[in-house]
Amino acid sequence: METDILFKSIFRVVKFSGKNPLKEKAYSEKAYSDLKVMIEECEDLYPGIDIWFRKKVSPDLKEGKRHGIIIYHDDKPVGSAIIRKGEHAKLCSMRILPAYQYNHLGRLLMAIIALDIRHKIRTFHFTIPEELWETYGEFFNDYGFHNHGPSERQYRLFSQELACSASYKHIWSKVVDDLPKLSREFRFRNEPSLPDILLSVHPEYAYKIISGEKTVEIRKGFSKRWKGSKVSIYATKPIQELVGEAEISKVEIDTPSCIWKKYETELGCDYFHFKRYCGNNSNMSAIHFANALPYNNNIPISQLGLLLESDLHPPQSYNIIKNNQAWLTAVSLGKILRCSV
């Protein structure tokens, strides 16, 4: 799977998670080769790491026993990870090039890793050279990792390898805290920015909005100040998913008859349903949409709520995302989750 993200310039994340990652895309062979190089460049720390990759990692990636992640910046590989999943999952390798270690790319990678290993996991562990723990220990401490001293298995001569582990609950708690910030700083393909508003729409009309068939939505009250804002579209029952987003190009307040006369072909409904919704209201708000984009993967709110251990209550009409911490985190999680599934 591949996902493009924008962070000041273009990044791309390629995830190897199938039984034969080389067949996913035509360019996957190059990505696989780049992942191999990223790992083998650590030869100074781990003599023989090329043999480990060829004999263990490569077969396991193809069989789905291990997962690989590589991050590109302008087609240059700058970050990578190898993970072995399970109840006691292992971070086999994690690397961010030095020039990219201070722009939260490592935290984005940890979020993707945490989502990747989330099924049936209790603890996550890794080994690390003692000198690297001195440099990066604070980063891993943030996720609840503890240094348990020398590892039972030492991979190098004349240098101590430390065993580190954390409960998944602690790791996930930190990832959840990071989600809103990561969503603001990283822009995913088809998801240019964190939306300002969550708008509840009947599924029939929600899909029409994100396909561009419906460009005007009516509401009994909606402020003109939201012109230019981004809207995340929530399809109500029975779908109950975030399905896409759009930009509000204009908000117009007028009588129902004037709105119907001007926009009947853009409302996506017949006059009967339009009139029934308007009722006896003398004025209605016409919300004009532009630049509608469907999400690559729709995420049910039941899954978001389960991951966040929170009951998500969708608004009857809309809510302001930044003013609702539960939905701010949920929408942020949806963005990262779509990147990592």
Look through segment 127-153, keep the residues that are within 17 Å of SER93 (Cβ to Cβ) and not in a helix (DSSP H, G or I), and return whichever of them is farthest from the chain's Cα centre (by Cα). ARG153
Criterion first (surrounded by fewer than 17 Cβ atoms within 10 Å (Cβ to Cβ), small (Gly, Ala, Ser) and within 22 Å of ILE336 (Cα to Cα)) does SER151 satisfy it? no
Given (1) surrounded by 14 or more Cβ atoms within 10 Å (Cβ to Cβ); (2) not in a helix (DSSP H, G or I), number of the condition LEU307 does not satisfy: (2)
Quick check on my filter: what residues within segment 131-189 are among the polar types (S, T, N, Q) and out of contact with any Phe, Trp or Tyr (no Cβ under 7 Å at 6 or more places or on another chain)? THR135, ASN141, SER151, GLN154, SER159, GLN160, SER167, SER173, SER183
Identify the single condition in (1) among the hydroxyl-bearing types (Ser, Thr, Tyr); (2) over 19 Å from the mean Cα position of the chain (by Cα); (3) over 21 Å from THR123 (Cβ atoms) that TYR72 does not satisfy, given that it satisfies every other one. (2)
Wholly inside segment 176-273, strands (runs of 3 or more DSSP E) that include 3 or more residues that are under 22 Å from the mean Cα position of the chain (by Cα) are 197-201, 230-235, 241-254
ALA326 being among the aliphatic types (A, V, I, L, M) and in contact with a Ser or Thr (Cβ under 6 Å, 6 or more places away or on another chain): yes
Among the residues listed as ASN297, ASN280, ASN291, the single one being on the phi > 0 side of the Ramachandran plot and either surrounded by fewer than 16 Cβ atoms within 10 Å (Cβ to Cβ) or in a loop (DSSP other than H, G, I, E, B) (or both): ASN291
Contacts under 9 angstrom Cβ, first residue in segment 281-310 being in contact (Cβ under 8 Å) with a residue 24 or more places away in the chain and within 25 Å of THR329 (Cα to Cα), partner among the aromatic types (Phe, Trp, Tyr) and outside any helix (DSSP H, G or I), 6 or more apart: ASN296/PHE188; ILE301/TYR234
Anything in segment 97-126 that is surrounded by fewer than 20 Cβ atoms within 10 Å (Cβ to Cβ) and part of a strand (DSSP E or B)? List them, or say none. THR123, HIS125, PHE126
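None of the figures in this text is laboratory data; all of them are computed from the coordinates on show. Keep in mind that this is a model prediction, so the values were computed, not measured. Please note: Cβ atoms are built from the backbone with ideal geometry, for glycine as well, and neighbour counts cover all protein chains shown.
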